[in-house]
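The values are calculated or read from the model by the stated rules, or taken from the named source; none is laboratory data. Fair warning: this is a prediction, and the values are worked out from it, not measured in the lab. Cβ placement follows ideal geometry from the backbone for every residue including glycine, while neighbour counts extend to all protein chains displayed.
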Amino acid sequence: MAPLNPEPNDDGEEPDRDFAKMFDLDRSTLIKTLVDAMEQTYRDTDAARDSLKEIVSQCRAAEFPPRDIIAMKRIARLRKDDKGGEAREQLAALERIGHAVGYDLFDWAAQA
C-alpha cells in the first residue's frame, strides 16, 4: 500500500496520489488476494486427492476387499469430522430398530 505522505520527487514536487489504488476502491487487491488463496486451496485439494488415491492403491495392493476399503474411508471421515458419537447413535438406532422387527444385524458376531 502506498504511504499516505509520499516523499517529494527530486524536483521538489509531491507525486500524484492515486487514491483508487491507496484505498482499493475497485477491490482489485482484495480480489487478487482471494483468487490467489482459492488457487492455492485447489492445488492443496488436488494434492490431497492424489495422496488418498495412493493410499487406496496401497490398500488394494495389501489385498483388502473393496468393502473394507470403503469402511476405512468412512472411519477416516468420521474421525476427521469428530463424528464418532453420531456414528454410535446411528448404530444404536439400527440395532434397536432391527431388534424391534426381529432382524439381528450382528448375528454373525455371536456365531464367531
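Scanning segment 100-112 for residues that are assigned to a helix (DSSP H, G or I) and modelled with pLDDT under 90 gives 107, 108, 109, 110, 111.
Residue 63 meets the conditions (1) surrounded by fewer than 10 Cβ atoms within 10 Å (Cβ to Cβ); (2) part of a helix (DSSP H, G or I) in every case but one. The failed one is (2). Taking every residue in segment 32-60 that is under 30 Å from residue 71 (Cα atoms) and pairing it with any residue that is of a type outside the set (Val, Ile, Thr), at least 6 positions away or on another chain, the pairs with Cβ-Cβ distances below 7 Å are 59/72.
Of the residues that make up segment 25-47, is at least one in a helix (DSSP H, G or I), surrounded by fewer than 10 Cβ atoms within 10 Å (Cβ to Cβ) and modelled with pLDDT under 95? Among the residues of segment 25-47, not one is in a helix (DSSP H, G or I), surrounded by fewer than 10 Cβ atoms within 10 Å (Cβ to Cβ) and modelled with pLDDT under 95, which makes the answer no.
Residues in segment 66-99 that are in a helix (DSSP H, G or I) and charged (D, E, K, R): 67, 68, 73, 74, 77, 79, 80, 86, 88, 89, 95, 96.
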